[in-house]
Each structure stands twice: as structure tokens, then as C-alpha cells.
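The values are calculated or read from the model by the stated rules, or taken from the named source; none is laboratory data. Source: prediction; values computed, not measured. Every residue, glycine as well, gets a Cβ built from its backbone with ideal geometry; the counts of neighbours run over all protein chains shown. For accessibility, only protein heavy atoms count, side chains too; no ligands or nucleic acids. Shrake-Rupley method; radii C 1.70, N 1.55, O 1.52, S 1.80 Å.
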Amino acid sequence: MELFHYEYQRERQQYQQQKDKEDDEKLNAILKYTRDTFKRFDLDENEIFQICECIRYFVTNRRVLSMTEIHIKKHSSITQISFKNFAWNITFQYNIGRDITTSFVTATFAEWFTNSTFDTVRKNLRTTTGRHKIEIDENIL
């Protein structure tokens, strides 16, 4: 019985190590997608870094990072629809629900959503009609 228990623990540890490695690779791909996406706009490196840190915290903890230290100033080159599509692209990869996704997008990009209600943003998290600077992409990994 002791041998069985040892083998079970060893296999479980190997499985966990493989899962951790896959999770790290997935997060790195998401962060690369984020950097590549926002480099196209007039956001500076500090703002892109802040967005990446918000995403890292969000996908790791399934909670929205407190925005007391983070400020991404509003740029007219990006619309609410693009930010919602961006957030949807990421949360789709992690199977994260609409409510927490809405909280994430409205907190992280607060300057763009000051006059929007939670329910309005939640209803339209994904926009496939028309052309937008950030399109829906289900296969960003």
C-alpha cells in the first residue's frame, strides 16, 4: 500500500508540474498578445505594463486588481468596443464569466467607462459587427 501511495503522489506531482508549465505558457502568450495589441496604439510602455499586471492578477486570482495605483489615461484612438473585445478575447481563453469580465474591463479602463453602467457593458462584451481596432479573436493562443 505504501508503494501505491508513493506512486500516486509522484504522478500527482508530475501532473501538477505539467499543469503549472502549461499555465505559465498560456499567461505568457496572453501577455504577449496584450503588449502586441497595445503597441499599435499611442499607449506608453508604463501603461502597457500596468495593463499586463492587471491581466496577470486577474487571470491568476479571478479577481480585479484594485486601481488605486494604476492609471491609464484616455486615448481617443481606442473605443469602448475595442476594450470590451480585448477583455472578451482574454477571458474566453480562461472561461471567465461575464460579470467578473465586466468588472475587469470597467476597472482597468475606467477612463473610458465613466458614464457607462455595469449592465450596459455586461450586455455588449463582445461586438462582431463592424470594424474595430481590436476585433474578436477566439484563438489568440
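Structure summary
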read-out: Top-ranked residue of the stretch 30-65 - restricted to ones that are polar (S, T, N, Q) and touching a helix residue (DSSP H, G or I) at 6+ places or on another chain (Cβ under 8 Å), ranked as most open to solvent (accessible area, probe 1.4 Å); value: Thr60
read-out: Residue list for the stretch 84-98, restricted to those being surrounded by fewer than 22 Cβ atoms within 10 Å (Cβ to Cβ) and more than 23 Å from Asp23 (Cα to Cα); value: none
read-out: Cβ pairs under 6 Å, 6+ apart, first in the stretch 100-128 and over 15 Å from Ile78 (Cβ atoms) and charged (D, E, K, R), second in a helix (DSSP H, G or I) and open to solvent by less than 40 Å² (accessible area, probe 1.4 Å); value: Arg122/Thr102; Arg126/Trp88
read-out: Near pairs, Cβ below 6 angstrom, 6+ apart or cross-chain, from the stretch 1-27 (on the phi < 0 side of the Ramachandran plot and in contact (Cβ under 8 Å) with a residue 12 or more places away in the chain) to any residue that is hydrophobic (A, V, I, L, M, F, W, C) and not in a loop (DSSP other than H, G, I, E, B); value: none
